[in-house]
Amino acid sequence: MLRLLLIVFVKHKLADKFLLDAPRHGQGIQFEEAGNLLEANRDATTISIEDDDMPERQRNAAGFTPDVDEEDPHASDDKTELLSGQKKNAPFWTFEYYQRFFDIETHHVKERIIGSMLPWPGKNFIHVHLRRNPDLYGPFWICTTLVFALAISGNFSNFLLNLGKPDHKYSPQFGKVTIAATAIFSYAWFVPLALWGCLLWRNNKIMNLVSYSFMEIVCVYGYSLAIYIPAVVLWIIPFEWLRWCSIVVALCLSGSVLVMTFWPAVREDHPKVIAAIMSAIVLLNVLLAVGCKVLLLPY
């Protein structure tokens, strides 16, 4: 037993000296003495020294590198979530939550604008164009463009109406920008919010297979306003009949998109509820168009 302990001790010391001196002198030490001792007693049990028990300075001297598994566990978790598609969504009050709604290709926005201007009977705008991928990029710029189009058309129409009058001095009416912005963005946000709450309430009463998220409803309402931009540009022409014709055409196209989109979500409900919801959708659309015409354009 004493000889066995001596063999293990000598082997351990020689290995320690070899690992410390080899990098410094460029040469190793032969294990002749340890070999002779082991040869004398072949039945002796030897103990191997694993890498986990090796001192840190021996690891560095021997050129050991950290294992890959010793990387940051949080980084590994993030990689796993990304690869598996299980990355947690950010809360709705953070910027990261809304950032994904602005990540959209230009040709997708173009297709959605064309689809909102040229509704096809029996085609649901959400199912055909959104495909569970709503965006806020298109609705935001459509609303912003419509606001400035309304303000510019109103000011330019006022200028043409009083052109040639010696007693009239033209001054830009910047208050029309505020009126237009309040009307358009209130319609594009608060009406979808009320409609989403109503549909959610009715879905709890009646099991409906068709349901829309709040962002999908906002996206539909935003794109439905795209047809009003060319109609508003025609308001610059000082012909009242042409202005009302453009309003009627825009109302029919915009209202058709909304009715065909939300009809599947309410058709299983009570007839009175269906009539109330669809009438509210159409009447609010008419109120927006007529209100902008009356408030922003001179007669």
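Might you let me know whether segment 127-145 holds any residue that is hydroxyl-bearing (Ser, Thr, Tyr) and at pLDDT below 90? Within segment 127-145 (the criterion being hydroxyl-bearing (Ser, Thr, Tyr) and at pLDDT below 90), the answer is no, since none of the residues qualifies. Would a scan of segment 122-138 turn up a residue that is touching a Cys at 6+ places or on another chain (Cβ under 8 Å) and under 27 Å from Ile236 (Cα atoms)? Yes.
Restrict the check to segment 99-115 and report whether at least one residue is outside any helix (DSSP H, G or I) and open to solvent by 70 Å² or more (accessible area, probe 1.4 Å). Yes. Among the residues of segment 106-128, the ones that are among the basic types (Lys, Arg) and under 19 Å from the mean Cα position of the chain (by Cα) come to 2 in all. Exactly one residue out of Ile142, Ile237, Ile229 is in contact (Cβ under 8 Å) with a residue 60 or more places away in the chain and more than 20 Å from Leu283 (Cα to Cα): that is Ile142. Listed by first and then second residue, the pairs linking a residue in segment 250-278 that is without any contact (Cβ under 8 Å) to a residue 60 or more places away in the chain to a residue that is part of a helix (DSSP H, G or I) and not hydrophobic (A, V, I, L, M, F, W, C), with Cβ atoms under 6 Å apart and 6 or more places separating them unless they lie on different chains, are Ala250/Tyr228; Gly255/Asn285; Leu258/Ser224.
The values are calculated or read from the model by the stated rules, or taken from the named source; none is laboratory data. Please read these numbers as outputs of a predicted model, since none were measured by experiment. Here Cβ is always computed from backbone atoms with ideal geometry, including for glycine, and neighbour counts include all displayed protein chains. Surface accessibility is based on the protein's heavy atoms, side chains included, excluding ligands, DNA and RNA. Shrake-Rupley method; radii C 1.70, N 1.55, O 1.52, S 1.80 Å.
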